[in-house]
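For reference, the structure is listed below as structure tokens.
The values are calculated or read from the model by the stated rules, or taken from the named source; none is laboratory data. Please read all numbers here as calculations on a predicted model, not as lab measurements. Here the Cβ positions follow ideal geometry from the backbone for every residue, glycine too, while neighbour counts run over all protein chains shown. Keep in mind that these areas ignore ligands, DNA and RNA; they rest on the heavy atoms of the full protein, side chains included. Shrake-Rupley method; radii C 1.70, N 1.55, O 1.52, S 1.80 Å.
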Amino acid sequence: MDIETESLSWRRQTSCLIETTKSRVVELIEATLLLSNLDIVASYAFKGEKSTMAATSRIQNDILGPAVSATQNLLGEYENWLRSKTAQQGIF
């Protein structure tokens, strides 16, 4: 029964991570659209020179980085939990 309760906790954490990732994807899409608009304006204003590095860094640092980090942390915790449960039950 204990393993089922803990398994439900992992499911809840995973669902929360999925919802957070979905909202980050929406942010990414919005940022990409904004970036493409900036690219058009920058290309016109600077006659072909690109000046969107700051916006690209924001997408990497504020949206993608935290999503990847949160996923890696959750997977690491789940792996540790799974190992401890299998060791307790003598499966491996």
Filter region 50-77 down to residues that are modelled with pLDDT of 80 or more and charged (D, E, K, R), then give me how many there are. 1
Residues of region 1-16 satisfying the condition of being open to solvent by 60 Å² or more (accessible area, probe 1.4 Å) and without any contact (Cβ under 8 Å) to a residue 60 or more places away in the chain: 1, 2, 4, 5, 8, 11, 12, 15, 16
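At pLDDT 80 or above, part of a helix (DSSP H, G or I), open to solvent by 70 Å² or more (accessible area, probe 1.4 Å) and of a type in the set (Val, Ile, Thr), is that true of residue 21? Outline the logic, then answer.
Working: at pLDDT 80 or above: yes; part of a helix (DSSP H, G or I): yes; open to solvent by 70 Å² or more (accessible area, probe 1.4 Å): no; of a type in the set (Val, Ile, Thr): yes.
So residue 21 does not fit the description; no.
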Hey, does region 35-49 have a residue that's touching a helix residue (DSSP H, G or I) at 6+ places or on another chain (Cβ under 7 Å) and modelled with pLDDT of 65 or more? yes
